Amino acid sequence: MGRENRQPGDSIGAIGSPGLGHASFLFSGQQKDLCGSRPQPGCSLGKYLLGAGGGTAWIWPLAPSLQPTKVEFYEGRVFGNLTLFDNTVTAVAMDPDSKFVAIGTSEHDIWLYQLNTGRTIASLSAHNSSPVELAFSADGTGLVSIDHDGNMQLWDLSTQIPTTGSHNHSGPINGLVLRQDGNINAWSENTVWTLDARTAVLKHITYIPDGNVLTTSPAGDLTAVYIPYQVSLFEAETGQYIQTLPKEAQDVFLEHYWEGDLLRQFYGALFSPDGKRLFTFGAGGIWSYEMPAGNLVSIPKYGHSTKKAAISSDGKLLVAAIHEFAQPPRLMDSDHLGYGKYLESYEFNSARYVPQYAFSPNNQQVDIVVLSGWEQPSALIIFDANSLDVERKASFEDTELLSLAFNQDGRLVVAGHANGKISFIETETMETLLIIEAHIGPVTSLVFSRDGRYLISAGQDGVVNIWGIR
């Protein structure tokens, strides 16, 4: 039962046998401590064990012979050996007296559920992304919730309205765009920030509560957002909906050993440097749209799946894999997607996947990171964009490179690691000149300022750093 059909007072309890797969668990509490979506001291002596997985929340009584309560919000659909959910239960918590359960969902709502009657008593809505942490106050009259973007709300449960909100971001940063006006756009799941590229001063915040943000335009006026199963455009400054673009992501066949690695969705999008084209990519391949009208220009030809892409600075070339798991990436004319020559290297034969591409500023080189197979080192490979020959390569042991950027003259490439480090690599010799500790956790995005004097990095730790380059 989705958000559009559920009302306070609906019965949502049912008895069933648990079969969760991936799940998170916590214990309810008898002592007057906070009991939330992470186990807390004092909660482990409670009466119930709670779990959330897929479209269901579970409540297990910790007593012999008593059956669990199954609170089913969303029904999954079978896809091969998988059960897929368009929306999921994301957090669960019980009050200290074990009378009420709070359940967060990927539709950004929090539902209050009365345990003894099996009915919902309230719906709380204030978040712009999925609640991932829930905890009741010691007296049970309040609730604290934290969403995927790191925003926190304190709720008065007697009035069912938030009393305090904190918008200090702590969620992952999913992408960066250097705008034409010199500012930076950074985004997470449902939030876009505008920052000064030199001082990191926050200039503007836009909340887009629907879907997942994929990218923003170079002019800073448009935001592309994935809302199953299409991409929609929003005004970047106001978050106001503009339109939904034609065509949906497709169901594609995958061999059983790739199941779960590709789902029916859009994984990313990018604008051409002049902002006149938008390219979206996901299950089915790559789509191209004329901006700002949103007219469909081209659809996938022989497309299978594309998770990432990069475009040259003149907007003429695009590098991407049309069959993400079966073929190496291609260098394509951006006006003729689906056609182009393969970038061949033996590392692709054992590659787990290719996480990132980058063009040199003069568009003469294509830089690719390959995460190789079992017990093989990751590789950073530079191809000549004209001959498509491998020019240089370097191996990286015991680390994964997840993000790339060339500096303005193309003599330096920086690579972001899964362990939070950034490597500075001279492209002529492939020598690593410097490695810095930049983030706690994966470095998700890198971009140089237009004058090349600053490097901007973003990480899964929710931090945007600006580094001076000398």
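The values are calculated or read from the model by the stated rules, or taken from the named source; none is laboratory data. Treat the numbers as computed from the prediction; the structure is a model and nothing was measured. No Cβ is skipped: glycine too gets one built from the backbone with ideal geometry, and neighbour counts run over all protein chains shown.
A single entry from Val177, Val192 fulfils the requirement of being farther than 19 Å from Asn128 by Cβ and surrounded by 15 or more Cβ atoms within 10 Å (Cβ to Cβ): Val177. None of Ser28, Ser37, Ser24 is more than 21 Å from Ser129 (Cα to Cα), touching a strand residue (DSSP E or B) at 6+ places or on another chain (Cβ under 7 Å) and either at pLDDT below 70 or not assigned by TED's automatic domain parsing to the domain that holds His127 (or both) except Ser28.
Kindly indicate the residue of the stretch 94-146 that is of a type in the set (A, V, I, L, M, F, W, C) and assigned to a loop (DSSP other than H, G, I, E, B) and also farthest from Thr69 (Cα to Cα) among those meeting that condition. Per the stated criteria, the residue is Ala126. Within this structure, Val225 fails the test of being farther than 18 Å from Ser445 by Cβ and either outside any loop (DSSP other than H, G, I, E, B) or within 15 Å of the chain's Cα centre (by Cα) (or both).
When Asp156 is tested against the conditions (1) more than 22 Å from the chain's Cα centre (by Cα); (2) within 30 Å of Ala438 (Cβ to Cβ), the lone failure is (2). Val447 meets the conditions (1) of a type in the set (A, V, I, L, M, F, W, C); (2) modelled with pLDDT of 90 or more; (3) more than 25 Å from the chain's Cα centre (by Cα) in every case but one. The failed one is (3). Taking each residue of the stretch 403-414 that is of a type in the set (Lys, Arg) and looking for partners that are assigned to a strand (DSSP E or B) and surrounded by fewer than 19 Cβ atoms within 10 Å (Cβ to Cβ) with beta-carbon atoms closer than 9 Å, six or more apart or interchain, yields Arg411/Glu426. If I filter the stretch 254-298 down to residues being modelled with pLDDT of 90 or more and of a type in the set (D, E, K, R), which single residue comes out as nearest to the chain's Cα centre (by Cα)? Out of the qualifying residues, it is Arg277. Determine whether Gly140 is surrounded by 20 or more Cβ atoms within 10 Å (Cβ to Cβ) and either of a type in the set (Gly, Ala, Ser) or at pLDDT 90 or above (or both). Taking the combined requirement at face value, the residue does not satisfy it. Just so you know, in the stretch 315-329 the residues that are part of a strand (DSSP E or B) and more than 13 Å from Ala385 (Cβ to Cβ) include one that is modelled with the lowest pLDDT, and it is His323.
Each row is one residue, and each column tells you yes or no for (1) surrounded by 19 or more Cβ atoms within 10 Å (Cβ to Cβ); (2) farther than 24 Å from Gly211 by Cα; (3) charged (D, E, K, R).
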{"position": "Thr90", "(1), (2), (3)": "yes, no, no"}
{"position": "Val101", "(1), (2), (3)": "yes, yes, no"}
{"position": "Ser106", "(1), (2), (3)": "yes, no, no"}
{"position": "Leu112", "(1), (2), (3)": "yes, no, no"}
{"position": "Gly118", "(1), (2), (3)": "no, yes, no"}
{"position": "Ile121", "(1), (2), (3)": "no, yes, no"}
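Applying the criterion of being touching a Gly at 6+ places or on another chain (Cβ under 9 Å) and in a loop (DSSP other than H, G, I, E, B) to the residues of the stretch 330-357, the residue that is modelled with the highest pLDDT is Ser334.
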